[in-house]
1. Tell me, please, whether a residue that is closer than 30 Å to A:Gly170 by Cβ, open to solvent by 80 Å² or more (accessible area, probe 1.4 Å), out of contact with any Phe, Trp or Tyr (no Cβ under 9 Å at 6 or more places or on another chain) and not charged (D, E, K, R) can be found in region C:83-99.
2. Identify the single condition in (1) in a helix (DSSP H, G or I); (2) open to solvent by less than 10 Å² (accessible area, probe 1.4 Å); (3) at pLDDT 90 or above that C:Leu257 does not satisfy, given that it satisfies every other one.
3. Hey, could you check region A:161-204 for residues that are in contact with a Ser or Thr (Cβ under 6 Å, 6 or more places away or on another chain) and of a type in the set (Val, Ile, Thr) and say which is farthest from the other protein chains (Cβ to nearest Cβ)?
4. Does region A:257-266 contain at least one residue that is within 9 Å of another protein chain (Cβ to nearest Cβ), more than 23 Å from A:Ala171 (Cα to Cα), modelled with pLDDT of 90 or more and open to solvent by less than 10 Å² (accessible area, probe 1.4 Å)?
5. Identify the single condition in (1) crowded, with 23+ Cβ neighbours inside 10 Å; (2) in contact (Cβ under 8 Å) with a residue 24 or more places away in the chain; (3) within 13 Å of chain A (Cβ to nearest Cβ) that C:Gln267 does not satisfy, given that it satisfies every other one.
6. Select the helices (runs of 4 or more DSSP H) contained entirely in region B:226-281, then report the ones holding at least 3 residues which are at pLDDT below 95 and polar (S, T, N, Q).
7. Is there a residue being open to solvent by 20 Å² or more (accessible area, probe 1.4 Å), in a helix (DSSP H, G or I) and either of a type in the set (Gly, Ala, Ser) or within 14 Å of chain C (Cβ to nearest Cβ) (or both) anywhere in region B:291-312?
8. Taking region B:313-361 as the region of interest, how many residues are of a type outside the set (S, T, N, Q) and part of a strand (DSSP E or B)?
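The values are calculated or read from the model by the stated rules, or taken from the named source; none is laboratory data. None of the values given here were measured: they were computed from a predicted structure. Here the Cβ positions follow ideal geometry from the backbone for every residue, glycine too, while neighbour counts run over all protein chains shown. The protein model used for the area step is the full one, side chains on, heavy atoms only, and it has no ligands, DNA or RNA in it. Shrake-Rupley method; radii C 1.70, N 1.55, O 1.52, S 1.80 Å.
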Amino acid sequence: MAMANEPVSADSLALKTLKKKRTGKQIAKSLLKHFVLCLVGLCFLGPFAYLLQTSVKSIEDIFAVPFVWWPEKLYWENYSNAVQAIPFLRYTWNTLFVALLCVLGELIAAPLTAYGLARIPFKGRNVIFLVMMGTIMLPMQSTMVPMYVLYNKLGMVNSYWPLVLPAFFGAAYYIFLLRQFFMGIPQEITESAKIDGASEFRIYSQMILPLSRPALFTVGLLVFLNTWKDYQMPLIYLNEPIKWTLSVGLKAFIGEYDVEWGMLMAAAALFTIPVIVLYFFVQKVFIQGITMTGTK
Amino acid sequence: MSMFGKKTMAITGSTILSLSLLAGCGSNDNEENASPGASSGSATNASSPASESSAPKEKVEISFWTTYSDQDAGPITALVDQFNQTNDHITVKMLGNQDPTKQLTAISGGAAPDILLTYWNNIGPWADAGAVLDLTDKISQSGFDIGSVVPAAMDRMKINDKYYAMPFTMSMANSLMYNKKDFADAGLTKPPETLEEMFDYAKKLTKKDDSGNITQIGFIPDYPWIDNVFWPVVFGGSWLDDSGKVTPNAEANVKSIEYQRSFYEEFGQNQIDKFKSGMGKRGTPQDPLLTGQLAMYIGWEYNFMPERGEDGPIGVAAFPYPADRPELKGSGMVSPRAVFIPQKAKHADEAWEFMQYLMTTDAQVKYSLEAHVIPTITAALSDERLMVEENKTMWEFYERAKSENLNGFPNSAYINEYLQALTEETEKALKGTISAQEAMDNVAKKIQPLADGK
Amino acid sequence: MAKVSGNAVGIRKRERKLLVKGLLFTSPWIIGFLIFQLYPILASFYYSLTEYNLFKPPEWVGFGNYKDLFQDDKFYKSMYNTLYITIVGVVPHMAYALLMALLLNAKVKGQSIYRTIYFLPTLVPAVAGSLLWMWLLNSQYGLINMGLEAIGIMGPNWLVDPDWTKPSLILMGFWGTGTITVMYLAALQDVPKMFYEAAEIDGASKWRQFWTITFPSISPMTLFQLIMMLISSFQYFTEGMVFAEASQSVGGPENSLLFYSIYLYQQAFSFLNMGYASAMAWILFVVVMLFSLVIFKTSARWVYYGGDK
């Protein structure tokens, strides 16, 4: 471990000297980078900017041809109306509750399983991996009904169990993702600990997990995001409106012949913001990840 | 990388096979465990069995699922509330936003509610599959008069000569809606009477710029969608004869497609496609009929509700008929909304009582007033309570709903395959890749085996 | 002799110990699989050998459904559409996401902001997203065709012309690559910095550094993405439904948007042919499995695990 420390200090030293003599060429290069990032960034800002813009537009402006770039009057009341039209706080809480439980469950189960598949060369692990991958290759439309039958037999219909419980057993997608990360960690790192007689679980919890923080945060983020956005599962399994999640609740604005576009867009914007905030903080972890891997 | 050896494949393969044989049965006998309405508590006690039946004097709670989202649920909620207040032994618990996939999953999965509202074309397949309660006995025992219902709506509830549902409301296409200003600009003073006249009108109402691009169009026969029921109805077509033969290729049906095609021949496929994609979004203030981009439109009773008033920009008339068949005047299609009781409903009797309530003239009138829909009880169509000023735009639709030339697509086990095939083949015929006759012959060839089989 | 057998016992003991450890670690998934997944999967396989309408007990028909499938035009059509979107779409989307990750991994001011912006489209709910797309891709007043016209190209009728509906979806897909970018970003954090320093000293160009250091280091992630995008692309559903809705029919213009999962869904829930739909599901399973196996087999040549010896 000490061995890896030197390059880092050397690196920071090198950085310092580099900073002193930033040449014109480097400045131009950095400008170019910013230019490219800004340009592509604008394209990517589009959908969200569009969402925000439509959320304060009148129905006339939303569909006007040609496109209305800046509406004359802003309909902020779309927001207050939307929040009042559906039990917004209640749905937000429900969604948060389900999403956080799923993150918790997935972060307990997925890394364990992934570790077993990645770093314990036991007989049959390839079979397990194969079956696991197989489970997600079958389209869910064909297993949806038997799945419902099962949950109904377990008495779990109209409860959060069907949405949350599977996470505590790990989803193939995240297990596979973490397996790839764990397989990338050099054996030398754990070898000495093994020789010292550390238990497998100790190696897992005290060496591998800390080393995989970016991966674990990524999994947490993706689980949260996917649960947050999921529509089908809550719709199928939750019967009482008071239990609904936001994605189901958003449907309230979509009538058969009439759509409350302004309110729908305002609610959709509110729906999006918590995940953006969450993402902003999670991606910061990636930067911390660098220094950590550097000192290992 | 020897991750997936042949051996492992073989082993998993055979395990799956042998286990599947064990698991095959037992997926369908799960009704005893179903407690959808009762398990309303928290997750932990969700498995408590239904216990209402033990208390005799207590009200029975039945669950009623609808497709309506909050946006549309107001009127039906009012109706249910009224029922709950007046009925002394039943409480209806309503749940909206339940799309057909969820309905199907829940019924099949053993957690069926007691009564559901769904799209009428689900009734055929679901009833044939055994999911829907046959209402024959209930109708005869309670003396419900089938004759009191608009026949075109009631017929849609019939599968293999039995009634499986009630048409709670119906939508209806037998009107022509048009932009009054476009008509005035073209010097047209009254709506077209016959289909032939309508074609001439369309020519007069279509404008092109110097480079030949359409800037305003008189009529697009497949806008907003390919209508595979409306058009044959207008031409007096049919889909099934008494001997069980499917007849999508009957002369009238083919004619109805050729008529639609003639618009494409007149104005040009590419030109129409291009113009169509530039039209404003339907149902918004930029709706092409409102902006005048489109002059005529197949009207449903829910279209342009405020704008079709006397001083509004949209005019309404009876839809034209073929000049050589004046007896078809007033033809149109109906598309009802069906309420049904699942075969496995726990409280079928109470559900039937509630269903009868939904079909009373009073309930129909009340609902029509609030939701601005067409009642399906004939008596309600003439009810004075509906003839109030704020409901004025509906008046002529109530009148047209009395027409004897209303029709609809026959409901059956294979209805969705049939409709799908019609859409696919009509699309080809409208584009001119095959003739209308060929297209409809294809449909007949494809659907006849299904009709024979089911 | 005695020594050898003693060794063999030792090996077997070690193996058993590994097996116990391995099973313990993987037990969460195994238990979950046995409780929640095994029954639905077996049921689906059994249904595929029956005629089953979701209500009446399934009737055994052997391989009848499979035989019928191979005579179904729409089976081929939907498979073609799905293969199209998979083969044309997956690799460009991945390459693009990787490129974005590399850009976003570079140390620039406002990195956090940029990263958030690139992720935004992934977060926008489909209702808003699809509206925007209908708008952008409109052949008359859409931004994309207006842009093309400015450089003298007559843009196609994206959402109407059956030849262009799938490219429209693929184009739209670029906006949804945010999650892939995020995963690549996470993978890029694990590339040891000293490799680059050594390469810098050797005077290797950035291009060379990418192919000799970055690409091999993140190859486990590339393998993951390739497999997962393959699976999800073969099950392409939601976006196709949204686009088809715009043309008021299930399969879109001339069934050009009839994707495999959509057809399967229609068979299962609209036509009530659950047996047929299950057979479709299992054919898809075999196809995806074959593709995956090929990728896994070849991956030995281009995937490098730091943990390998």
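1. yes
2. Here C:Leu257 clears every test but (1).
3. A:Ile203
4. For region A:257-266, residues within 9 Å of another protein chain (Cβ to nearest Cβ), more than 23 Å from A:Ala171 (Cα to Cα), modelled with pLDDT of 90 or more and open to solvent by less than 10 Å² (accessible area, probe 1.4 Å): present.
5. Evaluating C:Gln267 over (1) crowded, with 23+ Cβ neighbours inside 10 Å; (2) in contact (Cβ under 8 Å) with a residue 24 or more places away in the chain; (3) within 13 Å of chain A (Cβ to nearest Cβ) leaves (2) as the failure.
6. In region B:226-281, the matching helices (runs of 4 or more DSSP H) lie at B:269-277.
7. The answer is yes; a qualifying residue exists.
8. Of the residues in that region, 15 qualify.
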